[in-house]
Amino acid sequence: MKQTKTSFVAKNLLIGSGTQVIFLLLSFVNRTVFIYFLGKEYLGLDALFTNILMVLSFAELGIGNAIIFSLYRSMVDKNKARIKAIMALYAKAYRIIGLTVFIVGLLIMPFLSLFIKNPPNIPENLYIIYFLFLLNTAISYMLSYKKAIFSADQKEYVINVSQQIFFFIQSAIQLGYLYVTHDYIGFVLIQVIGTFGLNVFLSLYANKKYTFLKGKTTEKLAKSEVKTIFQNVKALAMYKFGSIIMNGTDSIIIAAFLGLGIVGVYSNYLLIIAAVVTVLSRALNSITGSIGHLNTSDDTAKKEQVFKQLFFIVSWIYFVLAILLFNIINPFISLWIGDSFLLGTGTVLAIVASFYVNGMQFASYTYRTTMGLFRQGRYVPIAMAVLNIILSIIGAIYFGLIGIIIATIISRLVTTTIIDPYLVYRFGFQKKVRSYFKMYRTYTSITALAFAASIPVMNWIYQGTWLTLLLGAAVLFLLLNLTYLAIFYKKPECQAIIRRIKSIAKRPKTSTTPD
């Protein structure tokens, strides 16, 4: 017996959201203890090395997305031999990537001082700390390719649950170790062991769940198919490069121009944003497999209909969360770790705007990747990356941190925000993209108006205590959702979502179809 696609989506959505809430709580406990025992300089160093190695992950070249896309059809057809052949290709590629990241990372070690404006006053050797970060990144590639089969098979929840169990164990050991020793190197070493353990577990579980993966691969992919995969990889490499420059270089530029102290303060805001994004990603990515399967069909009208529904849901989610984040993030940090870790209101607005602009791309990004539209816009991310570096350096020199963040927003708005939906409509739906930007303009205008109205409401409720912060957040959450529902209730996408929710609620808890 097997579950229906709707059941898979619901299960992935529920488990993905639930496990990430746990991750969120653990992350804040971890960060609180980290700050208490180690302080800002270690925090800045942690953020800097993480971002340097994020840039090195460019070596992955987008192979993951290309492989998962190539797996969708085989999963639908249950072609086990072909799946095994694709996974064998994936394994070989990822082992090469892991080795490449490690070697390039070692070559960077002598130049670490160039990335730090003011070297931190800490007893530990910076090069040992960096080497452990590098080792953690490199080993994550050696076995992580097995995760692809869970994603392609609409079983993201397996990855989610496994990650959270290992993260919980890792955090508990790290915090206990930090409490007893105050030793940062041991703290990072535990993380390396945790990463290795997670990837070994997922690899073994994949072999158990998909027994046909074990043993020697007898079938080989046709040369034409391998060529297609690597053509997609070449295109995805450019997207990967653009994404890494957008997400991975800000902390490096901040450290170089503004110092590790600012990196440490900014990293707390990024932790909160990243926690929210991760929760959303786990929930929203749980439907990526289903969308990938849908996009293997020839029903263009159905594809567009689901796209509009997805865009509507995403815009609703980011409407609520962006406004909430702006109103609660500074009060939260003030109550959590103190006013010395606060950034100015304008900088916070820029951080939240970047979060909103990035999030509103989810629907078009997901459709572009699951439709296999990799080569058509391959030069756009390069333009975005180059523009971001130039504008970020100018912004850092003349405006400081807020200039760097605004540079990222501008770079994204004038490139992928425009091109991704264009590619989906032009090549996926064979239609003009005008209707998409009309929807985008409507959703963002409502968000801007609600944002302005929310500030006096929060200022009236919040009185500098945890209770009033929670009360203000709850009131805003309720008012924002009711406002959005009232405005868009009669919209076809809203009605479709309501019908879908009612259908799921009425359906029995388990739904099966014959094998």
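Quick check: pseudo-label points 7 Å beyond the Cα along Cα→Cβ at Gln495 and Ile394, how many nm apart are they?
Going from the Gln495 label point to the Ile394 one covers 4.8 nm.
Could you please state how large a percent of the accessible area of the stretch 343-446 is carbon and sulfur, counting protein chains only and using a 1.4 Å probe?
Exposed carbon and sulfur together represent 67 percent of the surface.
Go ahead and collect, in residue order, the members of the stretch 343-372 whose backbone nitrogen is under 20 Å from a label point 7 Å along the Cα-Cβ direction of Arg426.
Counting only backbone N, you get 361-372.
If you stretched the chain out fully between Ala448 and Phe212, how much longer would it get, using 0.36 nm times the residue separation minus the C-alpha to C-alpha distance?
Length gained, Ala448 through Phe212: 79.7 nm.
Efficiency by 1/(1 + (r/R0)^6): what FRET value for Ile193 and Lys438, r their Cβ-Cβ distance, R0 = 60 Å, to the nearest 0.05?
0.70
Multiply the residue gap between Leu204 and Asp183 by 0.36 nm, knock off their C-alpha separation, and tell me the result in nm, one decimal place.
4.3 nm
Between Ile122 and Thr465, take the C-beta separation as r, use R0 = 35 Å, and let me know the FRET efficiency to the nearest 0.05.
In this case the efficiency is close to 0.50.
Mind giving me the FRET efficiency for Leu25 and Lys227? R0 is 30 Å, r the Cβ-Cβ distance, nearest 0.05 is fine.
Efficiency at R0 = 30 Å is approximately 0.05.
Sort Arg434, Arg500 by accessible area with a 1.4 Å probe, largest first.
Result, largest first: Arg434, Arg500.
Anything over 26 Å Cα to Cα? Flag those among Lys155/Lys308; Lys84/Lys302; Lys84/Lys223; Lys209/Lys302; Lys155/Lys223; Lys80/Lys227, in the order listed.
Exceeds cut-off: Lys84/Lys302; Lys209/Lys302; Lys155/Lys223.
Could you work out how much longer the chain between Arg375 and Leu349 gets when fully extended? Use 0.36 nm per residue separation minus the Cα distance between them, nm to one decimal.
5.9 nm
The values are calculated or read from the model by the stated rules, or taken from the named source; none is laboratory data. Everything numeric here is computed off the predicted structure, so don't read it as measured data. Cβ atoms come from the backbone with ideal geometry, glycine included; neighbour counts cover every protein chain shown. The area values use the complete protein model at the heavy-atom level, side chains included, leaving out ligands, DNA and RNA. Shrake-Rupley method; radii C 1.70, N 1.55, O 1.52, S 1.80 Å.
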